[in-house]
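As structure tokens, the structure follows; a few thoughts come after it.
Read the figures in this text as sums done on the coordinates, not as results from a lab. Remember, predicted model here, so these are calculated numbers, not experimental data. Every residue, glycine as well, gets a Cβ built from its backbone with ideal geometry; the counts of neighbours run over all protein chains shown.
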Amino acid sequence: MAASWKQLYLLRKEPRLVRSRFLLILVLLLLLQAQEAAAQWKRVRNAHNDRGEMATVVYQEKIYSFGGFSTWPNVEPTNEVYDPQTDTWTYIAPMPEGKAVTHEGFVLVDNTVWLIGGRLTDSHGPLTNEVWIYNISQDSWSRGPALKDPATGKRLLWGGGGAGLLGRTIHVVGGFVATACDNDQDKYHLTLNVDDWLVDPAHTTWQNTRKPMPIKRNHISTTVLAGKLYVIGGQFGHDCGGGEDQIYSHRYDPLTDTWTRLTDLPTVRSHCEASIFPLDGSIYFAGGDGATSKVTILTPGANKGLGSWANADKYDLPNPYIGVSAKVVGSTFVLSGGKIGDVDPRKETYTAPIDRHIPYKLGFGAGCFTKNMKSGTHAVLKNLLYTLEGEKAYTLTSDADWLRITKKPNGKALPTAVDIEATIDAAGLAPGTYAATVTAQGQGDGPDFEEASFCVNLTITAAESKENNIRINAGGAGYTNSAGHFWRADTYFEGGKPAADFFEVAGTPDDSLYQQYRYAPTDSAFDYNIPVPGAGKYAVKLYFVEPTFKEAGARRFAVAMEGQQVLSNYDIYAQAGYHRAVVESFKDIAVNDSVLSIRFTSLSGNALISAIEVAGPDSATALGTPPPLAGSNTCCTLQVWPNPSITGRVAVKLQGYKAGQPVDLFLQDVTGRVIRRLHLQTNLMGTSESMMILPESMANGLYLLEAVSTTGTTRKKLLLTR
């Protein structure tokens with residue numbers, strides 16, 4: 001409420017005393033009006049320690065706060081958690097001695113917080129390449145995968161940038177390297193698949209295969225919304241006369257590896273790393289250099305998808321803060337810590353009610369795919385399924401037989417997204433155009449979520465002869481009556497680098513062929529090509545349904561190319577434009593109950609496997625005296641506990657192997673799909689112990705663990721009941 005111009009005019013005619021009292025009242029009214037915008041903020045319990053430029057995350061309606069600056073310019077070694085429901089701050093485990101940081105990247109992954117790189121000791125401290133992981137459930141710290149330059153393998157000192165989790169991949173962008181003296185970088189966009197690292201930390205490292213930020217800068221604010229990574233504001237330079245705040249905003253799409261420049265900020269902005277968050281389909285961030293008392297909102301879908309900005313004046317902060325923590329828990333806006341000015345960290349905490357309009361929706365990162373393929377080929381489509389807010393159980397369905405969901409057909413959708421895959425099987429499709437739709441529907445308790453879908457537009461052309469392929473062919477002379485007997489095959493390089501996605505072959509075995517199986521489809525429609533880049537060492541694995549080799553009494557294998565069998569050295573020959581591929585010795589052919597593995601060297605990019613003959617006892621004489629069977633199940637033991645597993649973690653112990661022997665451990669579902677692969681190596685006693693973490697998306701049920709080595713193969717069933 002303010003005095004009118006008429007009141008002010010009349011005031012001039014009043015006695016001086018009356019006029020003085022009126023002016024006093026007017027000043028009070030104006031002060032009350034000025035404070036009205038911030039009146040919704042309520043001062044609550046202080047944190048234990050002053051803290052600015054910290055890292056904060058929300059987990060199960062509590063706010064976890066790490067590091068930052070305390071008594072300027074020192075890094076605060078303690079960490080705390082705030083519970084808005086009880087208005088209490090509680091200390092949690094500090095980082096290991098000397099490892100507390102600021103200027104780090106941070107992400108929440110399941111029930112862990114990853115602190116990536118950053119600055120040690122104080123405001124001018126050195127950068128680090130270390131990654132530390134805080135386990136919320138166990139209140140403990142452990143080392144993560146340190147940052148290294150993938151090209152050189154050397155330590156990559158990094159800080160002042162941002163990080164985000166998309167699906168199961170962590171992205172690290174921006175910031176400075178080596179020192180904080182104007183070394184802003186646009187060389188690195190590091191990524192790490194969390195699940196691969198959990199399964200095989202020794203062989204999983206940061207990759208630098210994605211496009212870096214288009215405009216290099218530090219002190220950026222990063223968050224994830226609708227399957228995209230948003231990078232807002234930041235600075236040019238830092239320690240050496242830099243610190244120039246910027247107005248740039250970008251969005252990164254991991255499915256297309258593309259950056260889009262969004263509408264510029266209304267003012268320059270930086271130091272909002274812990275005060276940016278997605279909410280109700282928009283992006284909020286609070287305070288920071290450039291607009292220290294403002295809460296600013298990005299509406300991503302406005303302005304033809306380039307976004308629009310607006311300040312939410314009713315949430316103006318009670319003080320001008322830099323490096324403050326701002327988070328929303330339920331319908332409560334929580335503000336804590338931050339600096340007033342450059343060198344005054346604070347501990348006060350405020351809360352305010354915030355209007356919520358929660359969009360209960362599922363969505364896909366890519367709305368449509370267009371593919372041109374040859375008849376008889378396969379292609380894998382990768383997408384991200386997300387929620388705009390909250391979590392929701394889901395089921396994926398396809399309305400076309402040629403399009404199958406081959407990764408995470410069901411599970412729990414999250415705001416950080418879930419990696420899903422659909423496979424196009426063009427076997428038997430005539431040339432022409434086809435269309436299909438994949439739909440995600442919410443399941444179970446809780447709010448109903450609006451379903452989502454993506455389309456697939458497919459054009460099929462006639463198959464042509466291919467180069468650079470391993471060909472699984474039906475044309476072997478004399479191999480009949482066995483169409484469709486092998487179920488799945490996949491190829492990979494030595495060292496485990498994938499050369500192709502697996503494919504499935506329709507058909508079931510004929511029980512009458514127990515004593516002699518010839519896995520060679522006779523119809524040319526059953527030819528399968530697996531792309532490879534050229535000559536080199538490869539392995540083909542053929543996965544069979546039933547009956548198993550063990551039940552058949554199989555003792556010997558012959559591999560034929562265009563009908564030729566070579567029983568002495570197991571060479572694979574090629575004709576009709578395909579080149580020779582050599583199996584060096586019998587040890588390069590491994591078998592267990594349902595898997596035939598053949599390792600061979602191809603002299604070019606083309607190799608043809610015409611037929612696989614599995615010979616049982618009745619035909620062993622015709623094949624000659626067999627050598628000892630590779631893959632015997634009598635070599636070694638595999639122990640798994642607890643079994644059933646109710647926690648999603650199982651301990652695995654291998655015994656009876658050779659000293660220092662490599663062993664591959666596979667976790668498979670009932671269809672034979674490999675869910676986890678662990679590379680192990682035995683110790684001097686021929687044993688190996690490891691922990692396998694099962695994906696949260698795994699449904700309860702029966703699974704198979706399989707340990708494969710040159711010594712042999714053994715299996716155990718695993719029951720998951722969490």
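Quick notes on this structure:
- Coupling constants for the range 656-666 follow from the phi torsions by the Karplus curve (6.51 cos²θ - 1.76 cosθ + 1.60, θ = phi - 60°), and in residue order they are x, 9, 6, 5, x, 7, x, 9, 9, 10, 10 Hz; glycine and proline get x.
- Each residue, Cys455 and Leu684, gets one label point 7 Å from its Cα in the Cβ direction; the gap between the two is 6.6 nm.
- Potential extension, Lys382-Asp344 segment - 0.36 nm per residue separation minus Cα distance: 8.9 nm
- Inter-label distance, nm, simple model (7 Å from Cα along the C-beta direction), Thr395/Lys211: 3.9
- When each of the peptides 54-61, 197-204, 214-221, 136-143 is scored by how many other beta carbons lie within 10 Å of its residues on average, the order from highest to lowest is 214-221, 54-61, 197-204, 136-143.
- Ala310-Arg155 FRET efficiency (beta carbon distance; Förster radius 60 Å; 0.05 resolution): 0.90
- Rounded, prolate or oblate (a/c below 1.5 giving rounded, otherwise prolate when a/b exceeds b/c) for the range 227-327 by Cα gyration tensor: oblate
- Stretching Gln443 away from Arg673 to a fully extended chain increases their span by 80.4 nm, per 0.36 nm per residue minus the current alpha-carbon distance.
- Gyration tensor (alpha-carbon) shape descriptor, the range 75-202, a/c threshold 1.5: oblate
- Ranked by the mean number of other Cβ atoms within 10 Å of their residues, highest first, the peptides 258-264, 348-354 fall in the order 348-354, 258-264.
- Listed residue pairs exceeding 28 Å between alpha carbons, taken from Lys148/Lys658; Lys304/Lys407; Lys211/Lys314; Lys148/Lys216; Lys62/Lys99; Lys382/Lys658: Lys148/Lys658; Lys304/Lys407; Lys211/Lys314; Lys382/Lys658
- The phi-based Karplus calculation (6.51 cos²θ - 1.76 cosθ + 1.60; θ = phi - 60°) puts the 3J(HN,Hα) values of the range 88-93 at 10, 9, 10, 5, 10, 4 Hz, whole numbers, x for Gly and Pro.
- Each of Ser140 and Ala651 was given a label point 7 Å from its Cα along the Cα-to-Cβ line. The distance between the two points is 1.3 nm.
- Nonlocal amide H pairs with Arg168, under 5 Å, H built at 1.01 Å: Asp419
- Prolate/oblate/rounded label for the range 43-133 (Cα gyration tensor, a/c 1.5): oblate
- Dipole of the range 139-255 [Lys/Arg +1, Asp/Glu -1 at C-beta], most positive-end residue of Tyr188, Gly242, Leu157: Tyr188
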